Amino acid sequence: MFKNLLLAIDGSDHSNRATEKAIELAKLQKDASIEMLYVVAGNKSKTDVLHYGDSDNASRKRKQLLTKYETIIKEAGIPVEVTVLHGKDGIAEPIIEHANNGSYDALILGSRGLSTVQTMVLGSVSHKVMKYVKAPVLMVK
């Protein structure tokens, strides 16, 4: 049932819990695999370069983050593929497009935990993804 899982991560504590849940789901099904998806937002990319000094250091930090999650999944005995996308105006749209263009049994992602008022005013990645992704979505808090 859940053989082809898409896991969207951002390095937060919510992503850690989403990774744990994705591993649990994958272990329920023989031959399940996880595609780990990380989206670099345009504004975040510029901030990372300023924070880390140059684009090479920013890329190296991003790679360290992805390797951490990839290792956790591999150590659980689950095949994993890593996909990095770049979003010009945000993170939700690339996740939605990628999820809807693939044949995933489920998308797992963490919630940022925004309050109701903040979500109404700002919106959230998880809220937009839940609304527009065609596959079942598991939002982990």
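Looking at region 1-32 only, could you name the residues that are assigned to a helix (DSSP H, G or I) and of a type in the set (A, V, I, L, M, F, W, C)?
Ala18, Ala22, Ile23, Leu25, Ala26
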| task | Just need a number here: residues in region 2-20 that are out of contact with any helix residue (DSSP H, G or I) (no Cβ under 9 Å at 6 or more places or on another chain) and either of a type in the set (A, V, I, L, M, F, W, C) or closer than 16 Å to Tyr104 by Cα (or both). | result | 2
| Out of region 74-113, which residues are outside any helix (DSSP H, G or I), at pLDDT 95 or above and of a type in the set (Asp, Glu)? | Glu81, Asp105
| field | Index of the failed condition, Thr119 passing every other in (1) of a type outside the set (Asp, Glu); (2) at pLDDT 90 or above; (3) not in a strand (DSSP E or B) | value | (2)
| field | Matching residues in region 41-73 - criterion: being at pLDDT 85 or above and in contact with a strand residue (DSSP E or B) (Cβ under 6 Å, 6 or more places away or on another chain) | value | Leu66, Tyr69, Glu70, Ile73
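The values are calculated or read from the model by the stated rules, or taken from the named source; none is laboratory data. From a predicted model like this one, the values you see are computed outputs, not experimental measurements. Counting neighbours? That spans all protein chains shown, and the Cβs are built from the backbone with ideal geometry, glycine included.
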